[in-house]
1. Over the range 7-107, what is the relative contact order in whole percent, taking alpha-carbon pairs under 8 Å and six or more residues apart?
2. In degrees, nearest 10, range 0 to 90: what is the angle between the Cα axis of helix 280-301 and the longest Cα principal axis of the chain?
3. When a/c reaches 1.5 or more, the comparison of a/b and b/c decides; with that in mind, is the range 1-55 rounded, prolate or oblate per its Cα gyration tensor?
4. If you count the DSSP beta bridges with both ends in the range 151-263, what percent of them are antiparallel, to the nearest 5?
5. When only Cα pairs under 8 Å and 6 or more residues apart are kept, what is the percent relative contact order across the chain?
6. On a 0 to 90° scale, report how tilted helix 99-113 is relative to the longest principal axis of the chain, with both axes built from alpha carbons and the result rounded to the nearest 10.
7. To the nearest 20 debye, what is the magnitude of the charge dipole of the range 208-308 about its Cα centre, counting +1 on the Cβ of each Lys and Arg and -1 on the Cβ of each Asp and Glu?
8. Could you give the angle, 0 to 90 degrees to the nearest 10, between helix 59-86's Cα long axis and the longest principal axis of the Cα atoms of the chain?
Amino acid sequence: MEFRHLELLRELSMRGTLAAVAEATHRTPSALSQQLKTAEREFGARLVEPFSRGLRLTTAGQILADGADEVGRALAEVQARLEASLGEPSGTVSIGALPSASEALFPGLLRRAAGSAIDLELDDFDLAESEYAARTLDADIVIGHSLTGDVPRGAEHLHTRVLAREPIDVALPSTHPLASQQRLAPDALVGTTWVGVPVGYPFDSILIAVENATSTNLERVQRLRDNRLVEALVAAGSGLALLPRFTTRPRPGVVLRPLDGVRSVRSIVALARPDRHARFAVRTVLDHLTSAGEDLEATFAEAESPRS
């Protein structure tokens, strides 16, 4: 049994098509097809079957795909014991994170990892909540967020660790009538307009909760991903917005106010596949990220209200 065959089946199970697997792994579809045929000869069973215009795993193929994490974890645990016997974690650890979490956590992580035998490969991306789990195929650790709980949708089968819980505040122009209030309730937001986020992104769940609590609809004049751009539009008077407290800098013309009455705290969560989490270096980096998150929470714990 070759582990690379199990990995290929897992990739196909998660990504859906040979073309997607080929693009992600920098191989050609024809090379992957040949590998699948070799795997079928090795296992003595059909592992894929035609479906629509592509392929899908057979029952046997899915069993082997599901087993890839178990085999990979066992191999990684052996490697981790070897590294532990040598006294120091080492190797490359790749991390992908949403931009605001990257800004908040990466500086502290880099300080803690400096001088170690661990090399960090950092990436940032902004996704819908349900898409973070799939990114664990491409990175050892993926940092996402959730407004509805401590595990992003679709990540229930992964190793997860909450790194920090961060309040999400209402950003509004300093000249707005609501700026005089120190805290905001859902009823106060009736009739306001918003610079929102794309449908499916976690912050939108807060506005939906406000709409449900007030039985009204809130107008979203734009739906954008970049928090700095959102801040600029709020300063220009385009509407209100939701912004994370830890990384929103003071900006002339913008104030932040806490939102009461609905859940307005996000869990910043690290995700890892079980086989990748078994690595000593990955677990060490997760510990560094946890410490960085604790430092963030401590920094803001004494503030009774956000900066304005």
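1. Relative contact order here is 26 percent.
2. 10
3. It comes out oblate by the Cα gyration axes.
4. Here the share of antiparallel DSSP bridges comes out near 55 percent.
5. So the answer I get is 24 percent.
6. 60
7. Value, rounded to 20: 420 debye.
8. Here the helix axis deviates by roughly 80 degrees.
The values are calculated or read from the model by the stated rules, or taken from the named source; none is laboratory data. Bear in mind the structure is a predicted one, so any value in this text is a computation, not a measurement. Cβ sites come from the backbone with ideal geometry, for glycine too, and all protein chains shown count toward neighbours. Side chains included, ligands, DNA and RNA excluded: accessible areas come from the protein's heavy atoms. Shrake-Rupley method; radii C 1.70, N 1.55, O 1.52, S 1.80 Å.
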